[in-house]
Amino acid sequence: MKLDLVDLGLFVNIAESGNLTHGASKSFLSPPAASARIKALEQEVGRPLLVRENKGVRLTADGQTFLRQARLVLRQVDFMQDEMLGAGRIRLFANTTAVTEILPDVLAGFLAERPGVKVDLQERTTSEVIRGVTEGVADLGVVSGDVPMTGLEVTRFSEDRLVLVTPADHPALGARSLRLEDSLAYDHVGLHDGSTLNRFLRGQVPHGGYERSLRIQVRSYEAMCRMIEAGVGIGVMPVSAACRHAAVMNVRMTSLKDSWALRHRSILVRDRRALSGICKALMDHLIAKGDTVEQG
């Protein structure tokens, strides 16, 4: 089988846009030229990869498989070019806590020592991180909590403890620690519905108990703490975020008794041996910095 890198890139662009014309434009080709290349590619593979429809295209089952492998081939070519040029680009997917609390400091030090390196950091839910790494869209993923059996390599590098944050004069402070269910007697401030933490907490309380306690939902831990400080409610967040905001806001922390409140942070990769040198360097940097991550 003889495959052309231009054709692989074209196929990926068409698959990701769901439209031949848009994919052709991303590949700097005319629609007729792109269509001819895809037909030749399917003939070379010996199987249909796309189904043409009125509103665009969709992948066949073989097309889904081909897409995964094409992404990996193209990424390995990128790795080779980066290694030869002494530079590189890392595609990193991570959950909310990692993006806002952990990675800024870690990446700042890492990039300061490597001026030729660029990082594409995207905030994603845990399921999206897993899918992105599995499909080769992301080189590395960072998540908190248990990771389902996915065939990915999982490396734990630090801990993520959840605490209850309250106004300084809140009655919940009378207890040294609480279970999440006990705290639901009070109004809660939470993150938006798409956040990993919101989904996680909903799963810890049966019959929608956590969802019913939510009085307001916001987009960041800082906004949560401002609402809590103002007396709108109480909220659950990672201790690293709570400590940072408690230093400048009139809020306090109370421990959660629940066993799930202590979670592991993990790095996800498809195959560490297949990573570029710069991706391996970032992974090693994360692991080395894991023990120094603020835990309160």
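The table below lists the values:
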{"item": "Verdict on Leu72 being part of a helix (DSSP H, G or I), hydrophobic (A, V, I, L, M, F, W, C) and not assigned by TED's automatic domain parsing to the domain that holds Lys118", "result": "yes"}
{"item": "Complete set of residues in region 111-139 that are buried (at least 17 other Cβ atoms within 10 Å of the Cβ), over 18 Å from Leu74 (Cα atoms) and among the acidic types (Asp, Glu)", "result": "Glu123, Glu128"}
{"item": "Members of region 180-210 found to be over 23 Å from the mean Cα position of the chain (by Cα) and among the acidic types (Asp, Glu), listed by number", "result": "Glu181, Asp182, Asp187"}
{"item": "Extreme residue, surrounded by the fewest Cβ atoms within 10 Å (Cβ to Cβ), among residues of region 273-289 that are aliphatic (A, V, I, L, M) and in contact with a strand residue (DSSP E or B) (Cβ under 7 Å, 6 or more places away or on another chain)", "result": "Ile287"}
{"item": "Region 248-265 residues that are farther than 19 Å from Ser158 by Cβ, paired with ones that are among the polar types (S, T, N, Q) (beta carbon under 8 Å, 6 or more apart)", "result": "Val251/Thr166; Arg252/Thr166; Thr254/Thr166; Thr254/Ser177; Lys257/Ser177; Asp258/Gln204"}
{"item": "Options Leu173, Leu201, Leu191, Leu184: the member that is closer than 25 Å to Ala246 by Cα, touching a Gly at 6+ places or on another chain (Cβ under 9 Å), surrounded by fewer than 20 Cβ atoms within 10 Å (Cβ to Cβ) and not assigned by TED's automatic domain parsing to the domain that holds Ala274", "result": "Leu184"}
{"item": "Failed item in (1) assigned to a strand (DSSP E or B); (2) touching a residue at least 60 places away in the same chain (Cβ under 8 Å), with Arg89 passing the rest", "result": "(2)"}
{"item": "Test: residue in region 42-64 that is modelled with pLDDT of 90 or more, out of contact with any Pro (no Cβ under 8 Å at 6 or more places or on another chain) and hydroxyl-bearing (Ser, Thr, Tyr)", "result": "no"}
{"item": "Test: residue in region 101-115 that is part of a helix (DSSP H, G or I), β-branched (Val, Ile, Thr), within 18 Å of Asp284 (Cα to Cα) and assigned by TED's automatic domain parsing to the domain that holds Met283", "result": "yes"}
{"item": "Filter result for the condition that a residue is among the small types (Gly, Ala, Ser), touching a Lys or Arg at 6+ places or on another chain (Cβ under 7 Å) and over 14 Å from Asp258 (Cα atoms), over Ala223, Ala168, Ala242, Ala172", "result": "Ala168"}
{"item": "Members of region 35-47 that are closer than 20 Å to His22 by Cβ and in contact with a helix residue (DSSP H, G or I) (Cβ under 7 Å, 6 or more places away or on another chain)", "result": "Ser35, Arg37, Ile38, Leu41"}
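Residue-by-condition table, conditions (1) closer than 18 Å to Val77 by Cα; (2) assigned by TED's automatic domain parsing to the domain that holds Leu72; (3) not aliphatic (A, V, I, L, M):
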| position | (1), (2), (3) |
| --- | --- |
| Phe11 | yes, yes, yes |
| Ser17 | no, yes, yes |
| Leu20 | no, yes, no |
| Ala24 | no, yes, no |
| Phe28 | no, yes, yes |
| Ala33 | no, yes, no |
| Ala36 | no, yes, no |
| Leu41 | no, yes, no |
| Pro48 | no, yes, yes |
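The values are calculated or read from the model by the stated rules, or taken from the named source; none is laboratory data. The structure displayed is predicted, hence computed values, not measured ones. Because the Cβ atoms are built from the backbone with ideal geometry, glycine has one as well, and the counts that use them run over all protein chains shown.
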